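In what follows, a structure is listed as structure tokens, so that the remarks can point back to it.
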Amino acid sequence: MIDTLRLTAEEAKRLLAAKELSGAELFAAYRAAIDARDPELHAFLYVCDDPGGDGIPLAVKDVIGTKGIRTTAGSKILESYVPVYDATVIVNAKAGGLTVLGKTNTDEFAMGSSTENSAFGPSHNPWDLTRVPGGSGGGSAAAVSGGLAPWALGSDTGGSIKQPAALCGHVGLRPTYGTVSRYGVVAFASSLDQVGPVAKNVRDCALLYSIISGRDENDSTTVDVPAVELPDAEDLNGLRIGIPKEMNGVEGVEPGVTAALTKALEIAESLGARVDECSLPRSVDYGVACYYLIAPAEASANLARYDGARYGLREDGADFREMVMRTRDAGFGDEPKRRIMIGTYALSSGYYDAYYGTAQRVRTVIKREHDELFERFDVLVSPTSPTVAFPIGAKTNDPVAMYMNDVLTIPSCMAGLPGLNIPCGLSEGLPVGLQLIGPQFAENSLFRAGRALEQAIGFDVVPERLR
Ligand code: GLN
């Protein structure tokens, strides 16, 4: 019997290499787990019948294009869209011996923090089915946490890998901007979007990152990446950890989250790290406002391509203009419409410099604030999310409350920096996530620190109700 709740990808790889297990058996085990538990989790929008190979199954967020497999981005406008090519990350995954298990639920066009903006209904948190798994990558998070996939791909624009990992209690990496190809990935905000791994532990996360990352001729923003080292560190000797005071123990961060983090930092010190307070005053104050101008501005441009002529849905109209209007009205949900309006307004002539231009200048300030801290610290640590998983429906009528979920994840995303979520404890019986932020291309040091901490914390990633 394969215990899909506990099997790591690394162990699966070993069993496959030793021929103690076949790819088909592995695939069948996850299919069975999906049949048993996905009706209550709704992690998947599509499940493949055939592995198409003999490797480790991989769940894929449905914003990532898969040849011959419907790719909806959680939107009605792409409900019938079947890509004719694989995204580069899928090409890399297949070349690395992985097989596509299915496509996971997401907020529409990855816009959201709970998957409640999916046109196909929300996913549920494996720890508590009445709560959200986070978003936008809640489907990938619920799949990994619920034992429906050994690992998964997510995408992160302002926190969509890190925050669901925090709310579901597992590991997720938002890689440095430019290390993973965006070719074939449905674009949300191109200067922020990054694909990254979702996994049960830091070693699996590093392994998947090593498979998907690297320069891609089809994405001119990508670069060569330092060789990925599978971490086996057990101490944090000499590691200089900075704790931005605006992100820790402040109003809005739940006391249970602060308590779990404080305990994790004590563990970090006992492992040899030096922990000191630091400050990111403007990044935290202005990050969310700045993001919610830049991301919608880029989204309004990226979503212009859904015109009824080129992809997916097409409504009838008396002429071209009416056809486009009807298609976009019927195809987009409320959140993309809201962002297209905000973005179009922010980019309109007369307002462009006041809004978009100012936001870009603030972004430079955010980047500089981080750069200065990395002269004194190796990593920055804070909670990933200010709260544990919240009840489904709790924030759907208040977009600004929903946006404030991202207050801790957004600053480093704006600065293009890598961030690793690891679970650090429970509050009210729900997982609390800790994020480690590093300088650009410092994935290896995040993996080392994350691995040492994860071992010492000893968090059990299997949701209590499924043990
Ligand atoms: N929650 C943020 C948003 O709604 C981030 C989403 C993401 O990273 N894709 O834009």
Review point. Which condition number does M402 fail, the rest of (1) away from the ligand (no atom under 15 Å from the Cβ); (2) at pLDDT below 95 being met?
Key: (1)
Exercise for review: Return the only residue of A141, A187, A119 being surrounded by 24 or more Cβ atoms within 10 Å (Cβ to Cβ), under 23 Å from Y403 (Cβ atoms) and within 16 Å of the ligand (Cβ to nearest atom).
Suggested key: A141
Review point. Can you name the number of the only condition in (1) within 18 Å of M247 (Cα to Cα); (2) surrounded by fewer than 21 Cβ atoms within 10 Å (Cβ to Cβ) that T364 fails?
Key: (1)
Check your understanding: Only one of these conditions is not met by V144: (1) β-branched (V, I, T); (2) out of contact with any Gly (no Cβ under 7 Å at 6 or more places or on another chain); (3) part of a loop (DSSP other than H, G, I, E, B). Which number is it?
Key -> (3)
Check your understanding: Is it the case that the range 249-271 has a residue that's among the acidic types (D, E) and within 30 Å of D232 (Cβ to Cβ)?
Key -> yes
Review point. Since G350 meets every condition but one in (1) surrounded by fewer than 17 Cβ atoms within 10 Å (Cβ to Cβ); (2) in contact with a Ser or Thr (Cβ under 9 Å, 6 or more places away or on another chain); (3) at pLDDT below 95, which condition does it not meet?
Key: (2)
**Study point:** Those residues of the range 147-157 which are hydrophobic (A, V, I, L, M, F, W, C), part of a loop (DSSP other than H, G, I, E, B) and in contact with a Pro (Cβ under 8 Å, 6 or more places away or on another chain), in sequence order
**Key:** A149
**Study point:** Criterion (surrounded by fewer than 24 Cβ atoms within 10 Å (Cβ to Cβ), at pLDDT 95 or above, of a type in the set (V, I, T) and more than 18 Å from A206 (Cβ to Cβ)) met by exactly one of V100, V84
**Key:** V84
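Within the range 68-92, track down each residue that is of a type in the set (G, A, S) and either in a helix (DSSP H, G or I) or over 18 Å from D193 (Cβ atoms) (or both). Spell out how you get there, then give the answer.
From the range 68-92, those of a type in the set (G, A, S) are 68, 73-75, 80, 87; that's our starting set.
Listed by number, the residues that qualify are G68, S80.
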Check your understanding: Here are some conditions: (1) β-branched (V, I, T); (2) assigned to a loop (DSSP other than H, G, I, E, B); (3) touching a residue at least 60 places away in the same chain (Cβ under 8 Å). V250 meets all but one. Which one does it not meet?
Key -> (3)
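What's the total number of residues in the range 405-418 that are more than 11 Å from the ligand (Cβ to nearest atom) and not hydroxyl-bearing (S, T, Y)? If you could, list the steps in order and put the result at the bottom.
Step one: of the range 405-418, the residues more than 11 Å from the ligand (Cβ to nearest atom) are 408, 411-412, 414-418.
Then drop every residue that is not not hydroxyl-bearing (S, T, Y), which leaves 408, 411, 414-418.
Summing the residues that are more than 11 Å from the ligand (Cβ to nearest atom) and not hydroxyl-bearing (S, T, Y) in the range 405-418 gives 7.
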Check your understanding: Listed residues L167, L153; which is over 18 Å from V388 (Cβ atoms) and more than 9 Å from the ligand (Cβ to nearest atom)?
Key -> L153
Check your understanding: Can you name the residue in the range 122-138 that is more than 10 Å from the chain's Cα centre (by Cα) and either outside any loop (DSSP other than H, G, I, E, B) or under 25 Å from G287 (Cα atoms) (or both) and is also farthest from the ligand (Cβ to nearest atom) among such residues?
Key -> D128
Practice item. Scan the range 192-242 residue by residue and report those that are touching a helix residue (DSSP H, G or I) at 6+ places or on another chain (Cβ under 9 Å), small (G, A, S) and crowded, with 16+ Cβ neighbours inside 10 Å. Key: G196, A199, A206, S213, G214, A233, G242
Study note, to complete from the structure: Checked pairs for the range 8-22, first among the small types (G, A, S), second part of a helix (DSSP H, G or I), C-beta under 9 Å and 6 or more apart or across chains, list as A9/R203; A9/D204; A9/L207; A9/L208; A12/L26; S22/L16
Practice item. Collect the residues in the range 3-26 that are surrounded by 17 or more Cβ atoms within 10 Å (Cβ to Cβ) and in a loop (DSSP other than H, G, I, E, B), keeping them in residue-number order. Key: T4, L5, L7, T8, L21
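Suppose we keep only residues that are touching a helix residue (DSSP H, G or I) at 6+ places or on another chain (Cβ under 9 Å) and over 21 Å from L192 (Cα atoms) within the range 275-297. Which one would you say is farthest from the ligand (Cβ to nearest atom)? Outline the logic, then answer.
Our first condition is that a residue be touching a helix residue (DSSP H, G or I) at 6+ places or on another chain (Cβ under 9 Å); within the range 275-297, this holds for 275, 278-284, 286-297.
Right, trim to over 21 Å from L192 (Cα atoms) and you get 275, 278-279, 281.
Values: V275: 28, C278: 25, S279: 24, P281: 22 Å.
Residue satisfying both the conditions and the ranking: V275.
Here's the yes/no breakdown for (1) within 16 Å of the ligand (Cβ to nearest atom); (2) out of contact with any Gly (no Cβ under 9 Å at 6 or more places or on another chain); (3) aliphatic (A, V, I, L, M):
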position	(1), (2), (3)
G357	no, yes, no
R376	no, no, no
V379	no, no, yes
S382	no, yes, no
P391	no, yes, no
T396	yes, yes, no
P423	no, no, no
R448	no, yes, no
E464	no, no, no
Review point. What do you reckon, is V100 farther than 17 Å from G172 by Cα and either within 16 Å of the ligand (Cβ to nearest atom) or out of contact with any Asp or Glu (no Cβ under 7 Å at 6 or more places or on another chain) (or both)?
Key: yes
Check your understanding: Somewhere in the range 99-109, is a residue under 27 Å from R467 (Cα atoms), of a type outside the set (D, E) and outside any strand (DSSP E or B)?
Key -> yes
Check your understanding: Pairs, please: C-beta under 8 Å, at least 6 apart or cross-chain, first residue exposed (fewer than 15 other Cβ atoms within 10 Å of the Cβ) and in the range 265-286, second part of a helix (DSSP H, G or I) and of a type in the set (A, V, I, L, M, F, W, C)?
Key -> S270/A456
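The rows are residues; the columns are (1) in contact (Cβ under 8 Å) with a residue 40 or more places away in the chain; (2) of a type in the set (S, T, N, Q); (3) outside any loop (DSSP other than H, G, I, E, B).
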position	(1), (2), (3)
S382	yes, yes, yes
T387	yes, yes, no
K395	yes, no, no
Y403	yes, no, yes
S412	yes, yes, yes
Review point. Considering D193, D216, D204, which residue is within 16 Å of the ligand (Cβ to nearest atom), among the acidic types (D, E), at negative phi and at pLDDT 95 or above?
Key: D193
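The values are calculated or read from the model by the stated rules, or taken from the named source; none is laboratory data. This one's a predicted model, so the numbers in the text were calculated from it and none came from an experiment. Note that we place each Cβ from the backbone using ideal geometry, even for glycine, and neighbour counts take in every protein chain shown.
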